[in-house]
Amino acid sequence: MTQHRTPTARTQSLIAQLAQPVRLDALGPLAARFVYALRLIAAHERVRRDPVPELTVRLGGVEIAAKALALSQAIAASWPENVHVSRFCCCHLTHDEATIGAMLDAVGEGDRDSFMHSLVGLVRPERIERLWDAGLALFSAEIRSA
């Protein structure tokens, strides 16, 4: 005989929040630019093309393009599964993009605690430092080019 518990109000609220996709405009500018770059990188990988030339044009410099690509590779190496991205034109974020956006918003604010909190339980602790460093490198390149 199966017994079903009625979900609590907190559980129902959490499920409702997960069902509502995060919008791209909820992210800060650094995080939003990187999400677009990540989508562009994914599109280029699907057709087996080098994303750096187009990233350079769209992001405004080869250093930013290289740092964005390096961060995407660090994320791919650290993530527990393939990173899911939305289509390039979509204004809603996947759960992976929302997590990456929160991670980069924390980098932009210099808030290491929020950065760690956004990845707890998802990325192994020994891999988090690499993501922080790659995020800082991208943020620094963005600031230098401004």
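In table form, for the structure just shown:
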| quantity | calculated |
| --- | --- |
| Checklist (1) farther than 29 Å from residue 20 by Cβ; (2) touching a residue at least 12 places away in the same chain (Cβ under 8 Å); (3) over 14 Å from the mean Cα position of the chain (by Cα); (4) surrounded by fewer than 14 Cβ atoms within 10 Å (Cβ to Cβ) applied to residue 49, failing item | (2) |
| Test: residue in the range 56-67 that is within 19 Å of residue 102 (Cα to Cα), surrounded by 12 or more Cβ atoms within 10 Å (Cβ to Cβ) and either among the β-branched types (Val, Ile, Thr) or in contact (Cβ under 8 Å) with a residue 12 or more places away in the chain (or both) | yes |
| Near pairs, Cβ below 7 angstrom, 6+ apart or cross-chain, from the range 6-27 (touching a residue at least 24 places away in the same chain (Cβ under 8 Å)) to any residue that is acidic (Asp, Glu) and surrounded by 10 or more Cβ atoms within 10 Å (Cβ to Cβ) | 27/105 |
| The range 27-46, residues that are surrounded by 16 or more Cβ atoms within 10 Å (Cβ to Cβ) and of a type in the set (A, V, I, L, M, F, W, C) | 27, 30, 31, 32, 34, 35, 37, 38, 40, 41, 42 |
| Close pairs from the range 123-146: first among the polar types (S, T, N, Q), partner surrounded by 10 or more Cβ atoms within 10 Å (Cβ to Cβ) and outside any helix (DSSP H, G or I), Cβ under 7 Å, at least 6 apart | 145/60; 145/61 |
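Read-outs: derived from the displayed coordinates by stated rules, not from any lab. A quick note: this is a predicted structure, and the numbers were derived from the prediction, not measured. Methodologically, a virtual Cβ is constructed for each residue, glycine included, from the backbone with ideal geometry; neighbour enumeration extends over all protein chains shown.
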